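Below: the structure, in structure tokens.
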Amino acid sequence: MIDYETSLRLIAPEILLAVSGLVLLLVAAWGGDRAARAVSIAAAVALGTAFFLVMPSVDGGLSGPDRIAFAGLFRADAFAGFAKLMIFAASIAALMVAPSFLERTGSMRAEYPILVLFSALGMAIMVSAGDLMTLYIGLELQSLSAYVLAAFLRTDGRSAEAGLKYFVLGALASGILLFGMSLTYGFAGTTSLAGIRVSMVDGLSTGAMFGLVFVLAGLAFKISAVPFHMWTPDVYEGAPTPVTAFFASAPKVAAVALTARVAIEAFGSQADAWRQIVVFAALASIIVGALGAIGQTNIKRLLAYSSINNVGFILIGLACATASGTSAMLVYLAIYVPMTLAGFVAVLMLRDANGDPAERVTDLSGLSRIRPALAWCLMIVMFSLAGIPPMFGFWGKFVVFRAAVEADLLVLAALGVATSVIGAFYYIKIVKVMFFDEPAPGTAAVTGAGTGTNTGAIAMRDGRAHWALLVIGTLLVSPFGFLATGWLGNLADRAAASLFLVA
Amino acid sequence: MIQAFAFYLFAALVIASGALTVLARNPVHSVLWLIVAFFNGAGLMVLVGAEFIAMLLVIVYVGAVAVLFLFVVMMLDIDFAELRAGFIRNFPLGIAIAAVLLAELVLGIGAYRAGAIGLGTPMGDAAPLLGESNIENIGALLYGRYLFLFECAGLILLVAMIGAIVLTHRERKSPRAQQNIARQIARNPNEATVNARPEVGRGIEL
């Protein structure tokens, strides 16, 4: 029987998010869109509280039977906790940057923070899944909120297109995933991840192999790894920029953590079977992400390809199928999230003379002379994304490659290092455009986030929120980040160990 | 004996009404045939001892889904002749897909019969309670062991509802006069009507 007291205590952060989502929904229903800002702040507070509720489990590296709730459906272990910390932090960031962007077009509505909140709840359930059903329900809760968020700008055709595209392709991926899960269930006789592992200890039957391939294909769509990445640039370009920043950070962390959990906890005894899939997806993501970005003129599309490229490096960590590989993957994620968030916040702060968002790469030309602080921050972020040594992004790539070498995946590591050079080209191109190109005549008036149609006070406050996020993100990925390597590595090691406890 | 008879009756009716759903010229008739198919499907479910699914079929599919279909068919202006033209154009493709699915079924079942596919043995953690109807069994699992998932599924539906409203609802701020039912009901006949006695040839001022 289920011990409800323990179970409910273990899902306290999720309960908090769900209840505050419901209460805020009522506030939004009666307060209308005037309450949007208050609801945003309340949602951020709820996410922050959940962050602190999760912290002890990560800090203590907790895992094992007493962190399992609802008879194995839910695991509140350190691995889930580590992912949740990143998810909640990224969700708060998505709430902070949204109001000023959406208010410009008059589309800031009280439902935005609520959808972000429910999306974060779905992600928290996803990463804690101890059962295929929990996994799917969490994934759907997250995806459904994400589809609506992508189409949030109703007056913008591109946003509607992004939402529809995301919805149709996401539904297809969910179908593939469900098909794989039903095959896995049929051949394993259980939906619990631990049970699947037990049933596969003495070999993988052909049917279970099909199940594994379909499950991984469905999850590869969610993390936008290469054969299933086509939706990413379109959705990232069309969705409102704060939503894109959200998509590139929190759901990506959740989906990667989920993939790692399924691969290691459920299919861990058959690592050789899925390693070739993950290795292929990793290398293909790195190469396609790097080559696809070169021709892009839109910064959001470019960052979308950059996220595909980064997923490739993250998957190298997963391909090791070792505790050190998973730990490296978590470290990479922890560096990737502030990096990508800072990149998108910088894009959000680019406005042309009318205060409209500037999204083309050419809009950046001569930025170093017009807004030097922004240009320098963006330069640090770009160098970090490229993995150029003094920046912290280098450390992420380094630990991933080190884990791959330790796991005897020398060829994979060598190919990864070689192909990461391709990616460096377009990151450096952006820096070149910012620092060495003349400001183009039409875009000479790239101005601050504070101008435009906003009233002064609101613009000031949001300008500060943007600057705060940008500076924090930049500091985290700058060489100062190396001060945290020991601490971060420790946490990630313990989180990864909790995943391998069952092995 | 009576079971076999009932099975063949329901099965034949399901197939016949399914075929008529596709073939009927009038879309409203199609929906009605679909309802007949659902009812007979429910009969089949009772035969295999799944009375809960039988009830779901009647309540959810007949009661809600079929009525929804009927609404869609009757309220939306769909050109069915054009749809049917598309049906004929895509007919070869449909047949090809059906053939592939049939081949897969034959292969799968053949391999299973030959013993090439070993299905997993159920863990038995959701085993039925002895001596209880399957409604009580499902209830015990849904509100006991899988309570967490049940509540989360509820949240998904809530998000779907929020999404539908966010994407489609518009505040109407048109200058057009709008009906205020409360005011309309609270209207007082003494204030609304006036008796006047106009002089001949002068008319009346309102």
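Can you give the helix-only mean residue ellipticity at 222 nm for chain B, where every DSSP H stretch with n ≥ 4 adds -39500 (n - 2.57) and the sum goes over all residues, rounded to the nearest 500 deg cm²/dmol?
Values: 10 runs with 129 residues, N = 206.
Using -39500 (n - 2.57) per qualifying helix, the result is -20000 deg cm²/dmol.
Nearest 0.05, what FRET efficiency do residue B:102 and residue A:424 give at R0 = 60 Å with Cβ-Cβ as r? Walk me through the numbers on the way to the answer.
Details: r = 52 Å, r/R0 = 0.87.
Efficiency computed from Cβ-Cβ geometry: 0.70.
For the protein assembly as shown, what is the charge dipole size about the Cα centre, in debye to the nearest 20, if Lys and Arg each add +1 at the Cβ and Asp and Glu each add -1 at the Cβ?
Values: 42 positive and 41 negative charges, 297 e Å.
Using only the charged Cβ atoms, the result is roughly 1420 debye.
Could you work out, residue by residue across A:135-143, how many beta carbons of other chains sit within 10 Å of that residue's beta carbon, and then give the average as an integer?
Details: counts 0, 2, 8, 3, 0, 6, 7, 2, 2.
Partner Cβ neighbours, averaged per residue: 3.
Angle check, please: helix B:147-168 long axis (alpha carbons) against the longest principal axis of chain B (alpha carbons), in degrees 0 to 90, nearest 10.
40 degrees
Based solely on its DSSP helices, what 222 nm [θ] is calculated for chain A when runs of n ≥ 4 H residues each add -39,500 (n - 2.57) and the sum is averaged over all residues, nearest 500 deg cm²/dmol? Please list the in-between numbers first.
Numbers: 20 runs with 368 residues, N = 503.
Value at 222 nm, helices only, nearest 500: -25000 deg cm²/dmol.
How tilted is helix A:323-348 with respect to the longest principal axis of chain A? Cα atoms for both, answer in degrees (0 to 90, nearest 10).
Here the helix axis deviates by roughly 20 degrees.
In whole angstrom, how far apart do the alpha carbon centroids of segment A:213-252 and segment B:28-97 sit?
Each part's Cα centre sits 35 Å from the other's.
Could you check which residue among B:98, B:192, B:19 shows the biggest mean-square fluctuation in a GNM of chain B with a 10 Å Cα cutoff?
Largest GNM mean-square fluctuation: B:192.
Would you work out the relative contact order for chain A, in percent, from Cα pairs under 8 angstrom that are 6 or more residues apart? Don't jump to the answer; show the numbers that get you there.
Working: 930 pairs, mean separation 80.3, N = 503.
Result for chain A is 16 percent.
Give me a single rounded figure for A:120-129: the average over its residues of other chain Cβ atoms within 10 Å of their Cβ. Display every interim value, and only then the final one.
Details: counts 0, 3, 4, 0, 0, 4, 0, 0, 0, 0.
What the average comes to for A:120-129 is 1.
By how many degrees, 0 to 90 and rounded to 10, does the Cα axis of helix B:91-113 deviate from the longest principal axis of chain B?
For B:91-113 against chain B, the angle is about 40 degrees.
What does the structure give for A:188-196 when I average, per residue, the other chain Cβ atoms found within 10 Å of the residue Cβ? All intermediate terms of the calculation are to be shown ahead of the outcome.
Details: counts 5, 6, 7, 3, 2, 0, 0, 3, 2.
What the average comes to for A:188-196 is 3.
Using per-residue counts of other Cβ atoms within 10 Å, averaged over each peptide, order A:76-88, B:134-146, A:369-381 from highest down.
In decreasing order of mean packing, A:76-88, B:134-146, A:369-381 become A:76-88, A:369-381, B:134-146.
With an 8 Å Cα cut-off and a minimum separation of 6 or more residues, compute the relative contact order for chain B in percent. Present the calculation step by step, with values, prior to reporting the outcome.
Values: 83 pairs, mean separation 24.2, N = 206.
It comes to 12 percent, rounded to a whole number.
Karplus couplings for segment A:482-493 from phi (6.51 cos²θ - 1.76 cosθ + 1.60, θ = phi - 60°), rounded to Hz, Gly and Pro as x?
5, 4, 9, 4, x, 4, 5, x, 4, 4, 5, 4
Under the definition of Cα pairs under 8 Å and six or more residues apart, what whole-number percent is the relative contact order of segment B:1-78?
On the way: 67 pairs, mean separation 21.9, N = 78.
So the answer I get is 28 percent.
Each value in this text was obtained by applying a stated rule to the coordinates, not by laboratory testing. Worth saying up front: this structure is predicted, and the values here are computed from it rather than measured. Cβ coordinates were reconstructed from backbone atoms using ideal geometry, including for glycine residues, and neighbour counts include every protein chain displayed.
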